[in-house]
1. In nm, give the distance between the simple-model label positions of A:Leu69 and A:Ser84, each being 7 Å from the Cα along the Cα-to-Cβ direction.
2. Label-point separation (nm) for A:Asn30 and A:Thr54, each offset 7 Å from Cα along Cα-to-Cβ?
3. What do you reckon, how do A:Met27, A:Met41, A:Met19 stack up by accessible area (1.4 Å probe), largest on top?
4. Could you give the accessible area per residue of the protein assembly as shown, probe 1.4 Å, as a whole number in Å²?
5. Rounded, prolate or oblate: which fits chain A when a ≥ b ≥ c are the square roots of the eigenvalues of the alpha-carbon gyration tensor, with rounded for a/c under 1.5 and prolate only if a/b beats b/c?
6. Return the unpartnered cysteines for chain B, using a Cβ-Cβ cut-off of under 4.7 Å.
7. Mind checking A:31-38 for the average number of partner chain beta-carbons within 10 Å of each residue's beta-carbon?
8. How much accessible area is lost when chains A and B come together, counting both sides, with a 1.4 Å probe, in Å² rounded to the nearest 100?
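The values are calculated or read from the model by the stated rules, or taken from the named source; none is laboratory data. The structure presented is a predicted model; accordingly, all values stated were derived computationally and were not measured. Cβ placement follows ideal geometry from the backbone for every residue including glycine, while neighbour counts extend to all protein chains displayed. Surface areas here come from the heavy atoms of the whole protein model, side chains and all, with no ligands, DNA or RNA. Shrake-Rupley method; radii C 1.70, N 1.55, O 1.52, S 1.80 Å.
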Amino acid sequence: NAGVTQTPKFQVLKTGQSMTLQCAQDMNHNSMYWYRQDPGMGLRLIYYSASEGTTDKGEVPNGYNVSRLNKREFSLRLESAAPSQTSVYFCASRERTSGSIDEQFFGPGTRLTVL
Amino acid sequence: KNQVEQSPQSLIILEGKNCTLQCNYTVSPFSNLRWYKQDTGRGPVSLTIMTFSENTKSNGRYTATLDADTKQSSLHITASQLSDSASYICVVSAIDAGSQGNLIFGKGTKLSVKP
């Protein structure tokens, strides 16, 4: 049981290049999320997927696209990377456990630098 | 505007000492409050989750308190260990926020435990 896995762990891009960050979870959760974390700021939601086949924008979606490939996998794509997208990206999955309580589990992160 | 404020931003303590981290929030309507521990280079890991009706919850040497009237929470760490060195993030969830969950993240308190 690996939980939430992300690839790659590190990536350096040049401005204008594209790449896809991969995320997979083995907990059979319906909801999956992509966040970015920048120094001095809290985690900010980029996109989320409430269930297989659905995706919605979060707080900071500009410059990103996502695909919920199946229940396990949720990918984040940068079509034309910009230096402002230098950040640490976290994928998370979430499931309601009881009442109003839900557990959210984070992956180890992808550290992206755009030159 | 929904906000979560944490203090202090950073804290240095000696191994074996106790410390208390603070979290103030203005999230409404409130559903639950959670504390995460984030080790350097890793994703956040949940320590405690508290609903409106709970005012204290423990997880080993970690004890979280919640005062829903004053909209304040604290995380108390007892007999600190070097492995407690990490960032501690306060996250508040709003009621009926759907699958997005409307999690509002604080910026975190960076704790350093010195020998």
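1. 2.9
2. Simple spin-label model gives 0.8 nm for this pair.
3. Working: A:Met27 45, A:Met41 80, A:Met19 20 Å².
Largest to smallest exposure gives the sequence A:Met41, A:Met27, A:Met19.
4. Working: 10920 Å² over 230 residues.
Value returned for the protein assembly as shown: 47 Å² of accessible area per residue.
5. Numbers: a/c = 1.81, a/b = 1.72, b/c = 1.05.
Prolate, because a/c is 1.5 or more and a/b exceeds b/c.
6. B:Cys19
7. Values: counts 4, 1, 4, 0, 4, 0, 8, 0.
Counting other chains' Cβ atoms within 10 Å and averaging over A:31-38 gives 3.
8. On the way: alone 6130 and 6440 Å², together 10920 Å².
Buried: approximately 1600 Å² between B and A.
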